[in-house]
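Just below is one structure, and these are the notes that go with it.
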Amino acid sequence: MEQNGTANGTHQGVFQHVGRQVWLLSDSAETQKETYKALDAALREQCAEQSVNYQVVMLQDLIMSVERGHLRGYLGMQELIELGESRLSYPLVVKNTRGCRGNAVFLAGNKGQMLEIQHVLKMDTPYLFQQYIKESHGRDVRVMVIGGQVVASAKRISQGGRLQSNFSQGSLPELYPLDESGRNLASRVSEILGMDICAIDLLIRDDGSFCVCEVNSNPGFIPLGKTCNLDIHSLIARHVISFLQNPGNCNNN
């Protein structure tokens, strides 16, 4: 990374800072989403106020390489199931790691049910096995973290007994201010993963404690912002601009 440039993986793509410029790297599919449009408008406004050049760059127009990563061969489904069973117990939650909005998420109560869902699992994508937290079935807390700080949180409650509590699945939201332990957990998770901007989904145990369900580097924030009466897109834009004013705050990993 050159000294006059920094990059941050954030919502709807990657922000690139070069001198007094901000680039939003995205793709044509993302530009049609309400979240992208809100963020794009906020960035344009903030950059105009700060006399910063702003540009949207389409990923299909770039040549990209992957660094600090590796590919792993896929196991056969039977081998994958046996691996999951050796480390976890039923019921198990099975997730497509490339899924979104609560799609491609399954609950297997036993091995028989696990075998029944094999036909809908695509072997060209990775899957994640998680322990089922019964007391948090159909409910979680969506937490938005910007710059290592919790800026918004809301409980999501599914309808009709669904496992998934995503906003896009019709869940009902309600304000849910986190206590200190919840805020510290969310901030610590974002720090460990090196995600400056992310949404963390927390499951609620019977004793009121939290466990991390998943972390989203590309979350939708419009429903959360409406629930919390907060312009999250403006907070993200101001945070991005802050790196131009204080470049030492940017983590150049």
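Just wondering, is there one or more residues in the stretch 178-192 that are part of a loop (DSSP other than H, G, I, E, B), more than 14 Å from the chain's Cα centre (by Cα) and outside the structural domain of ASP40 (by TED's automatic domain parsing)? The answer is yes; a qualifying residue exists.
Filtering the stretch 81-103 to residues that are at pLDDT 70 or above and over 30 Å from GLY208 (Cβ atoms) leaves ILE81, GLU82, LEU83, GLU85, SER86, ASN96.
Would you point out the residue of the stretch 164-223, among those that are under 22 Å from ALA237 (Cβ atoms) and polar (S, T, N, Q), that is modelled with the highest pLDDT? Only one residue fits best here, namely SER187. Could we say that MET64 is closer than 30 Å to ILE232 by Cα and at pLDDT 85 or above here? No: the conditions fail for MET64. Only residues that are on the phi < 0 side of the Ramachandran plot, over 17 Å from the mean Cα position of the chain (by Cα) and modelled with pLDDT under 75 were counted across the stretch 14-28, and they come to 4. Return yes when LEU202 is without any contact (Cβ under 8 Å) to a residue 40 or more places away in the chain and either crowded, with 17+ Cβ neighbours inside 10 Å or of a type outside the set (Phe, Trp, Tyr) (or both) and no when it is not. So LEU202 does not fit the description; no.
The values are calculated or read from the model by the stated rules, or taken from the named source; none is laboratory data. Keep in mind that what you see is a predicted model, and the values were worked out from it rather than measured. Cβ coordinates were reconstructed from backbone atoms using ideal geometry, including for glycine residues, and neighbour counts include every protein chain displayed.
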